[in-house]
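Shown next, in structure tokens, is the structure this report addresses.
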Amino acid sequence: MSDLDSEVLPLPPRYRFRDLLLGDQSFQNDDRVQVEFYVNENTFKERLKLFFIKNQRSSLRIRLFNFSLKLLTCLLYIVRVLLDDPALGIGCWGCPKQNYTFNESSSEINWAPILWVERKVALWAIQVIVAIISFLETMLLIYLSYKGNIWEQIFRVPFILEMINTLPFIITIFWPPLRNLFIPVFLNCWLAKHALENMINDFHRAILRSQSAMFNQVLILFCTLLCLVFTGTCGIQHLERAGDNLSLLTSFYFCIVTFSTVGYGDVTPKIWPSQLLVVIMICVALVVLPLQFEELVYLWMERQKSGGNYSRHRAQTEKHVILCVSSLKIDLLMDFLNEFYAHPRLQDYYVVILCPTEMDIQVRRVLQIPLWSQRVIYLQGSALKDQDLMRAKMDNGEACFILSSRNEVDRTAADHQTILRAWAVKDFAPNCPLYVQILKPENKFHVKFAEHVVCEEECKYAMLALNCICPATSTLITLLVHTSRGQEGQDSPEQWQRMYGRCSGNEVYHVRMGDSKFFREYEGKSFTYAAFHAHKKYGVCLIGLKREDNKSILLNPGPRHILAASDTCFYINITKEENSAFIFKQEEKQKRKGFAGQGLYEGSSRLPVHSIIASMGTVAMDLQNTECRPTPSGGGGGGSKLALPTENGSGSRRPSIAPVLEVADSSTLLPCDLLSDQSEDEMTPSEDEGLSVVEYVKGYPPNSPYIGSSPTLCHLLPVKAPFCCLRLDKGCKHNSYEDAKAYGFKNKLIIVSAETAGNGLYNFIVPLRAYYRPRRELNPIVLLLDNKPDHHFLEAICCFPMVYYMEGSVDNLDSLLRCGVIYADNLVVADKESTMSAEEDYMADAKTIVNVQTMFRLFPSLSITTELTHPSNMRFMQFRAKDSYSLALSKLEKRERENGSNLAFMFRLPFAAGRVFSISMLDTLLYQSFVKDYMIPITRLLLGLDTTPGSGYLCAMKISEDDLWIRTYGRLFQKLCSSSAEIPIGIYRTQSHVFSTEPHDLRAQSQVSVSVEDCEDTRETKGPWGVRAGTGGGSTHGRHMVGSDPAEHPLLRRKSLPWARRLSRKGSRHTGKAAAEWISQQRLSLYRRSERQELSELVKNRMKHLGLPTTGYDEMNDHQNTLSYVLINPPPDTRLEPNDIVYLIRSDPLAHVASSSQSRKSSCSNKLASCNPETRDETQL
């Protein structure tokens, strides 16, 4: 730098002060030249060219003037024909007139009537003026468009026609006798057509740039037909002056009859010139018209592919939304249309689909249905082009839905396309609300500006994680976000299907409390009080609220939250309050009191309407002012919350439940500060003997794998684990464990199988390590990955306790055994991206389904949750080829689909039990957000993806035999609200069921399906399908299981003889071939045990080969004789059954830490046990 400074010479003295005062005069004497640009446009010719040709608006005016001149010449020709009469004489101007009469017998033609016409002086003067103007304009345009080849300009058809129609008139000025010379001015119609084409093109360029070519082509075709008819009419009329002297109307009639190929024959040309003209005109029509029609058909086909336009007039008078997708599949389209139009408010909306690919055949067929053809418009185009966005009238749209293509192999590339589409729409229409679907969580922050964003992998893994601790969470959320009236399965004879279908109609709604009939009377009361009494009185479940001055939604803010009239309440119900009727009948109340204790499942009647829509609260609950005295947790799943009160609990009187207080009383609640209370995590010496206890801390994960993850307080390790210690199947210098048994986990494992360790997998771990999960119930998590995880992912998970990974595949038995599958309660199989590129679209799940079916056979006791790409493939999960019950469910599904149900797949047993899940079923979450903008925040709170201070979380509680004194769901609601301020929202019910192999229909009750236990006592009453009436939901392992010891099989075969005799005594109802087939099928079911034994030996041999102990493998403990389903917000009089799992929204333990600090130590000892019913039994490995 110093060298450069030294090279710069100092300024001379004259530049120092004089220049500041007078300016630099020396610059005026420099050799500077002023340069002017575009001087070529300043010439006279260029100015004329700019005005006549280049400028769009001025050239449009010139062409419009030219078009008007041509139409005027045609009009003047018609006037001349009407004024001319050949009978008055024929001749040149100033010559004597000669009369002419046509003689049919003579073959000679008199050419005088053809060459000469009668033209008035005034008419001649006007035609001459018009001809001069046209001639000058033509010559000027020839001069301006001259490019060096004059002959190219001269031999153009428009120039030749101009010369024919203008030069003769100019000559007549100088030679008067030619003023009556016939000039074919009617040919100017073709020049008018040419001017109209140019005018329309300029008009579209200058004003309406997005107009399609379809209008232009239709206009050109119409003008061509009009010119042909006009030319033929005028030509035949003039030539027939030497024949029959036809009028203009008669000639027009003849041309129409001829060109339409009708040909009546009443009017015919008499002389050969007119006949020759007819031949020429027909030949021209045969050549020109097909070309025009071909162009029109081509444009029509192209328009059908591209979808045309959505007119601005319609956009301003109608409401429409835009759906932007990469490729439109029929399933995606029908899910969107069914969910979007399920809301009554959206019936008048139009859907404009903007897709870059050509319309699929199935999509085309669906959009031709009148139901959709009037409301759905398909446009082929790209969201990155402003022209296509203008065609879709994006700036006038009510909303724009941008969906990702989840079938792409490269999901990151699919997200990048979605991001660009969102940016393009936001740039073009900044006021249009955006609803964006993103696949990978690391790309979510790019579309943070959108009003609503749903990240697929975030929701997917969080839902799969909750499935492990709250069974069937995926089914619960799926049913909540689908619009339904609860009419599915109401015609089925199965009680569980009617109940399950009816409760599936519950959705989340909102209402302002001051305007609500449900909650208005609870103003100034606690949230818990309002939730219980609203459920008791109306059957609605209040789950959360939002303050007027706060945008955050709070789920179950707790009993200390006092309701205000300005609060927005969120509740679960069959329908929203505005569509509900409130019937207050005292007689009905008195009538219902006598039946309050009867269960909902007794009898075959349908659910009472008042229990579903406007339940009047007739549940008999003792609301005496008795204190709830919690006892320490026992063996019951509910712990102290559901403990039987010590008073009023004996004799015939039903035990009483403490009332729910209007204002919170700290003495009746069980507060707990999870940050300071360590009593739940203390382990007795008998539990941790020989094991080193690692103290966990609660804090926020230090390393988030992607931007935009919601911070969640979690259980963390005090010191990050080394990466080598995260490998489950390989020892390191810190420990020598090489299999799951060596670790000695107290709780059973959760195994998740995925292709790669993506950032979405981080959301599987966080809900399972959240601070509100008790430490003693944390399940070890094993990630079974096809590919080795990268350094960034390991850095993110190394702070979580008991999280390990292993390289392997779910289709490899050795990998499953090494990762400890026999010590696991839950196995989650995530969908693999590499399988999504199958040649046949629905075959993308083939490998996953077959692998899961294999594991289902090898490990019957394992709870397997599978993610599929296509929901229709869930019928293959746990497939039983000869199971007649599954076949009957398939028929039920088809009937529901024919009835127009959006949840036809809900009766499939794997889905009802929460064993299978498809992320596409959550697409409706984005669609519902258009009407319910709170659905995405509520779903994220339920899944644990977001943690708002003061908001509760979803958990579950198991009902044991000791808890059945509560009897009904309504009393359970009261007990939970009064003791622990928890809000139940549903039940997960498991019932024993025998799957028969006899073909039958669901409408006919099976009388031949019996179980082994049924044979021991045939006097017990049977319910439908051979299930004991009144037994309710059996245990998870079923009541009809036989011991797993192989030595018991001979005993089982010895018992088959008396069992067959019992069947023979029942055989009077089944005669002939049907009874014989039924007995043979029952015998085959007994011998099927040998197949399971063979599979058991296979697994044990592999374990021995791998050096793993075979203890703990129980091949006979399965779920094959049970069915499970979800009941969302059941009526208050629903009977509780053993092993019911109740979904709860538990209030935030940290919401009122300061106010409850005095009662922490006394209350934490009475805290509820875990919400994980499947892993309560300790497993010493």
Failed item in (1) within 24 Å of PRO441 (Cβ to Cβ); (2) open to solvent by 20 Å² or more (accessible area, probe 1.4 Å); (3) at pLDDT 90 or above, with SER474 passing the rest
(2)
What is the one condition in (1) at pLDDT 75 or above; (2) within 60 Å of the chain's Cα centre (by Cα); (3) open to solvent by less than 90 Å² (accessible area, probe 1.4 Å) that PHE65 does not satisfy?
(3)
Subset of the range 344-365 [closer than 22 Å to SER382 by Cα, among the hydrophobic types (A, V, I, L, M, F, W, C) and part of a helix (DSSP H, G or I)]
ILE361, VAL363
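Residues checked against (1) part of a strand (DSSP E or B); (2) of a type in the set (A, V, I, L, M); (3) closer than 24 Å to CYS955 by Cα:
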site	(1), (2), (3)
PHE745	no, no, yes
ILE751	yes, yes, yes
GLY760	no, no, yes
ASN779	no, no, yes
LEU783	yes, yes, yes
PHE793	no, no, no
PRO801	no, no, yes
With the structure loaded, tell me whether GLU442 is under 20 Å from ARG411 (Cα atoms), open to solvent by 10 Å² or more (accessible area, probe 1.4 Å), part of a helix (DSSP H, G or I) and in contact (Cβ under 8 Å) with a residue 60 or more places away in the chain or whether it fails that test.
yes
How many residues does the range 723-743 hold that are part of a loop (DSSP other than H, G, I, E, B), open to solvent by 20 Å² or more (accessible area, probe 1.4 Å) and touching a residue at least 40 places away in the same chain (Cβ under 8 Å)?
2
Flag for LEU972 being in contact with a helix residue (DSSP H, G or I) (Cβ under 8 Å, 6 or more places away or on another chain) and at pLDDT 90 or above
yes
Can you name every one of the helices (runs of 4 or more DSSP H) wholly within the range 103-206 that holds 3 or more residues which are β-branched (Val, Ile, Thr)?
121-144, 157-174
Report yes if VAL453 is aliphatic (A, V, I, L, M), open to solvent by 20 Å² or more (accessible area, probe 1.4 Å) and at pLDDT 90 or above, otherwise no.
yes
Considering each residue of the range 574-588, count those that are part of a loop (DSSP other than H, G, I, E, B) and either modelled with pLDDT of 70 or more or crowded, with 16+ Cβ neighbours inside 10 Å (or both), and give that number.
5
Selection count, the range 257-269, where residues are surrounded by fewer than 16 Cβ atoms within 10 Å (Cβ to Cβ) and touching a helix residue (DSSP H, G or I) at 6+ places or on another chain (Cβ under 7 Å)
2
Count of residues meeting criterion [part of a loop (DSSP other than H, G, I, E, B) and open to solvent by 60 Å² or more (accessible area, probe 1.4 Å)] in the range 322-343:
1
Lone unmet requirement of (1) of a type in the set (Lys, Arg); (2) under 17 Å from the mean Cα position of the chain (by Cα); (3) closer than 30 Å to ASP348 by Cβ for LYS385
(2)
Scan of the range 159-213 for residues that are crowded, with 19+ Cβ neighbours inside 10 Å, of a type in the set (Gly, Ala, Ser) and at pLDDT below 80, ordered by number:
none
What residue, of LEU225, LEU219, is at pLDDT below 90, over 27 Å from LEU83 (Cβ atoms) and open to solvent by 60 Å² or more (accessible area, probe 1.4 Å)?
LEU225
Within the range 369-428, restricting attention to residues that are closer than 13 Å to LEU323 by Cα, of a type in the set (A, V, I, L, M) and free of Cβ contacts under 8 Å to residues at least 60 places away in the same chain, which residue is surrounded by the fewest Cβ atoms within 10 Å (Cβ to Cβ)?
VAL376
Suppose we keep only residues that are surrounded by 13 or more Cβ atoms within 10 Å (Cβ to Cβ) and not polar (S, T, N, Q) within the range 708-721. Which one would you say is nearest to the chain's Cα centre (by Cα)?
GLY708
Hey, among SER251, SER247, which residue is under 25 Å from ASN110 (Cβ atoms) and either open to solvent by less than 30 Å² (accessible area, probe 1.4 Å) or modelled with pLDDT of 90 or more (or both)?
SER251
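The values are calculated or read from the model by the stated rules, or taken from the named source; none is laboratory data. Because the structure is predicted, anything quoted here is derived from the model rather than measured. Every residue, glycine among them, receives a Cβ derived from its backbone with ideal geometry; neighbour counts consider all protein chains shown. To get the accessible areas, we keep the full protein, side chains included, count just its heavy atoms, and leave off ligands, DNA and RNA. Shrake-Rupley method; radii C 1.70, N 1.55, O 1.52, S 1.80 Å.
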